[in-house]
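The values are calculated or read from the model by the stated rules, or taken from the named source; none is laboratory data. These numbers were taken from a predicted model, which means no experiment stands behind them. When we count neighbours, we look across all protein chains shown, and the Cβ atoms used for this are built from the backbone with ideal geometry, even at glycine. Note: areas computed on protein heavy atoms with side chains; ligands, DNA, RNA excluded. Shrake-Rupley method; radii C 1.70, N 1.55, O 1.52, S 1.80 Å.
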Amino acid sequence: MRKLLINKWIKAGVFLICLFPIASLLWRGLHNGLTANPIEFITHATGDWTLRFILVTLCITPLRKLLALPELIRFRRMLGLFAFFYGCLHFTTYIWLDKFFDLKEVWKDIAKRPYITVGFLAFVLLIPLAITSTAGWIRRLGGRQWQLLHRAIYVSAVAGVIHYYWLVKSAVLRPLAYGAIVAVLLLWRLAAMFRSRPDAENMRSMKPQPQKS
Ligand code: HEM
């Protein structure tokens, strides 16, 4: 399994799988498959996939640890960037096809409609994460700072779930299911932080103490 995960063709395969949602939208677009309300269909599909990719990205660290497969880290950056890619498509659909680039109207919506405000926050938070996802930026910021910054993905995930929950009128089951997944991932992360703290203290107490003369 570990050998498979470091194979470059597997990574290329995962990349192609991640393109499936956009390929499916293009296919439907070319074959009159975008329903009677294509804008709504595209907005919903891209919003759904943005949230799914955020959740899959968040699953990588717990899975690495639980399955003892550190090689899974090779996929995290790509999955995170796909979350951003679908987020860009979702936002572009909204400002282009829904608002016809009427930025005044877009801004009014962001300020006035809470579900848009929180969706916008979820999207804006992904921007610095996408920009700083390269090895160069990890070096520039330093591992600790970089990790702290990239915890913003949890805030983006929570904001994405609230955005979804607030926009549905009655079908709350799906946003609640996504919310439950985010809650489990957050709890796992908090537990991992508390578990590693005593370890750090142990390490400190194991350091040789200066001898008093
Ligand atoms: C990371 C950021 C975001 C995520 C994860 C996200 C996620 C979602 C999801 C899951 C849906 C519902 C899909 C469905 O019903 O199946 C949705 C719908 C929608 N989103 Fe977002 N979204 C994000 C950002 C934004 C932004 C920035 C805007 C606009 C400023 C926006 C505007 C909308 C609109 C207009 C809808 C359709 C609402 C309706 O049907 O009444 N979203 N989004």
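Structure notes:
- Criterion violated by G179 - all others in (1) under 25 Å from P114 (Cα atoms); (2) part of a helix (DSSP H, G or I); (3) at pLDDT below 95 satisfied: (3)
- Test: I60 is free of Cβ contacts under 8 Å to residues at least 24 places away in the same chain, out of contact with any His (no Cβ under 9 Å at 6 or more places or on another chain) and open to solvent by less than 30 Å² (accessible area, probe 1.4 Å): yes
- Residues in the stretch 2-22 that are open to solvent by 50 Å² or more (accessible area, probe 1.4 Å) and closer than 29 Å to P38 by Cα: F15, L16, I17, L19, F20.
- Only one of the listed residues (I39, I54, I60, I22) is at pLDDT 95 or above and farther than 20 Å from A130 by Cβ. That residue is I39.
- Criterion: of a type outside the set (F, W, Y) and over 22 Å from L186 (Cβ atoms) - qualifying residue of L72, L97: L97
- Residue match in the stretch 145-156 (condition: more than 29 Å from I10 (Cβ to Cβ), surrounded by fewer than 17 Cβ atoms within 10 Å (Cβ to Cβ), more than 14 Å from the ligand (Cβ to nearest atom) and without any contact (Cβ under 8 Å) to a residue 12 or more places away in the chain): yes
- Verdict on D109 being among the charged types (D, E, K, R), in contact with a helix residue (DSSP H, G or I) (Cβ under 9 Å, 6 or more places away or on another chain) and surrounded by fewer than 16 Cβ atoms within 10 Å (Cβ to Cβ): no
- Within the stretch 158-170, the residues that satisfy the criterion of being near the ligand (Cβ under 8 Å from one of its atoms) and among the small types (G, A, S) are A159, G160.
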